[in-house]
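One structure, pasted below without further comment.
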Amino acid sequence: LALFKGRPNPPHGNVVSNIARHPVNRKKMAVSENKGKHAITHYKTIETYRFGDAVFASLVQCQLETGRTHQVRVHMTHIGHPLFGDPVYGRKTAIPRSSGAELCEFLNTFNRQALHAEELGFIHPITGEKLHFSCTLPPDMAKLKELLATP
């Protein structure tokens, strides 16, 4: 689950691309036409949050078909929707005046990516056992979601 700026259009879909090192900033990854590794992210908008007539943010479920470095961050930024709190791929968020002081203060102090692995599953490389783990939304992301939903 992730909280992104804006609303993906279409609200659900797939991002299919290669992901490689950024050609200039070696600390970043980027979508590449002919370099890197194949990556697929399926996304689905779960909820949107409005201020006035505009959608300010969305809660999006991302399912990874591949597991590339920074995959969700790169793919969603590529389609125009960076994560809240992402210092590498995001930008400073312009907070709508109508959002209220509590949300403004919270976003200014939110010091991590608004990204949470709600479910993880994989096949154990030695035993072959299918493993599955789940975890609820952490308190800081739950608070951000609550503040975004408050009119």
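May I ask you to list the lysines whose Cα is less than 24 Å away from that of residue 28, ignoring any residue fewer than eight positions away on the same chain?
5, 37, 92
Right, next: Could you give the spread of the C-alpha atoms of the range 57-145 along their three principal axes, from largest to smallest, in whole angstroms?
Projected onto the principal axes, the Cα atoms of the range 57-145 cover 54, 27, 18 Å.
Ignoring ligands, DNA and RNA, please state the percent of accessible area on the chain from carbon and sulfur, probe 1.4 Å.
Within the chain, the accessible surface is 52 percent carbon and sulfur.
What would the Debye formula give as log10 I(q)/I(0) at q = 0.25 Å⁻¹ for the alpha-carbon point model of the range 102-151, no solvent?
Values, matching the q order: -0.94.
Using alpha carbon centroids, what distance separates the range 1-45 and the range 90-137, in Å?
Between the Cα centres of the range 1-45 and the range 90-137 lies a distance of 16 Å.
A follow-up question, please. Might you report the magnitude of the Cβ-based charge dipole of the range 73-151 about its Cα centre, with Lys and Arg at +1 and Asp and Glu at -1, to the nearest 20 debye? Write down the numbers at each step before the final one.
Working: 8 positive and 8 negative charges, 61 e Å.
Taking the Cα centre of the range 73-151 as origin, the dipole is about 300 debye.
Could I ask something else about it? Mind checking which of 117, 20, 94 has the largest fluctuation in a GNM of the chain, springs on alpha carbons under 10 Å?
94
Okay, moving on. What number comes out for accessible area per residue over the chain if the probe is 1.4 Å? Units Å², please.
I get 62 Å² per residue for this part.
Beyond 14 Å, how much of the Cα-Cα pair distribution for the range 63-115 remains, as a whole percent? Numbers along the way, then the final one.
Numbers: 782 of 1378 pairs.
Roughly 57 percent, once rounded to a whole number.
Could you calculate the contour length gain from residue 108 to residue 42, that is, 0.36 nm times the residue separation minus the distance between their Cα atoms, to one decimal place in nm?
20.8 nm
Same structure, new question: Tell me which GluC sites (Glu not before Pro) from the range 29-81 have a DSSP coil assignment and no more than 12 other beta carbons within 10 Å of their own.
When the GluC sites (Glu not before Pro) of the range 29-81 are filtered for loop state and at most 12 Cβ neighbours within 10 Å, 33, 65 remain.
While we're looking at this one, here's another question. On full extension of the chain, what length is gained from residue 101 through residue 117, given 0.36 nm per residue of separation minus the C-alpha to C-alpha distance?
Answer, rounded to one decimal: 2.9 nm.
The values are calculated or read from the model by the stated rules, or taken from the named source; none is laboratory data. Everything quoted here is computed from the prediction, not taken from an experiment. Quick reminder, even Gly has a Cβ in these numbers, built from the backbone with ideal geometry, and neighbours come from all protein chains shown. In case anyone asks, the SASA skips ligands and DNA or RNA and just uses the protein heavy atoms, side chains included. Shrake-Rupley method; radii C 1.70, N 1.55, O 1.52, S 1.80 Å.
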